[in-house]
Amino acid sequence: MKVEECDGLIKPTAVFFGEGLPKTPWDSAVDKSKDTTLMIVIGSSLQVSPANSLPDVALKTGSELVIIDLMSTPFDTRAILKIEERAVLVSEMLEKCLDL
């Protein structure tokens, strides 16, 4: 989408396939993955790089992994729990259980 007055390009803050991730948020995600004791992956097949490397970062530092997704992932056998259900359904159930 372009701005008519200046012919400038309007770009959303989303990262599209093939684009690199912004360095600061990516570094923060890696650091948080190293420091966590439990990583919960919700609604991802863990097929898209580089985000699919974060569970491995967490596991290498002793974290436990929970995966909530209808599809199988490369990390299913390494997770302490795999819930094969729609992410929105599990999220709603968790909200009710935790009174959020």
Helix-derived [θ] at 222 nm for the chain: sum -39500 (n - 2.57) over DSSP H runs of at least 4, divide by residue count, nearest 500?
-> -9000 deg cm²/dmol
Take the Cα of GLU64, step 7 Å along the line toward its Cβ, and report every residue of region 1-37 whose backbone nitrogen sits under 12 Å from that point.
-> 37
Taking the Cα centre of region 23-97 as origin, work out the dipole magnitude from +1 charges on Lys and Arg Cβ and -1 charges on Asp and Glu Cβ, in debye rounded to 20.
-> 140 debye
Return the distance in nm (one decimal) between the two label points of a simple spin-label model at LEU100 and ASP35, each offset 7 Å from Cα along Cα→Cβ.
-> 2.0 nm
Non-local amide H neighbours of GLU64 (under 5 Å, H modeled in plane, Pro and chain starts lacking H): which ones?
-> LEU38, MET39
What share of the DSSP beta bridges in the chain is antiparallel, in percent to the nearest 5?
-> 10 percent
Helix 23-35 versus the longest principal axis of the chain: what is the Cα-based angle in degrees, 0 to 90, to the nearest 10?
-> 10 degrees
Residue-by-residue Karplus 3J(HN,Hα) for region 90-96, coefficients 6.51, -1.76, 1.60, Hz, glycine and proline x = 5, 4, 5, 5, 5, 4, 5
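Every number here is computed from the coordinates shown, using simple stated rules; none is lab data. Everything quoted here is computed from the prediction, not taken from an experiment. A quick note on method: Cβ atoms are made from the backbone with ideal geometry, for glycine too, and the neighbour counts reach across all protein chains shown.
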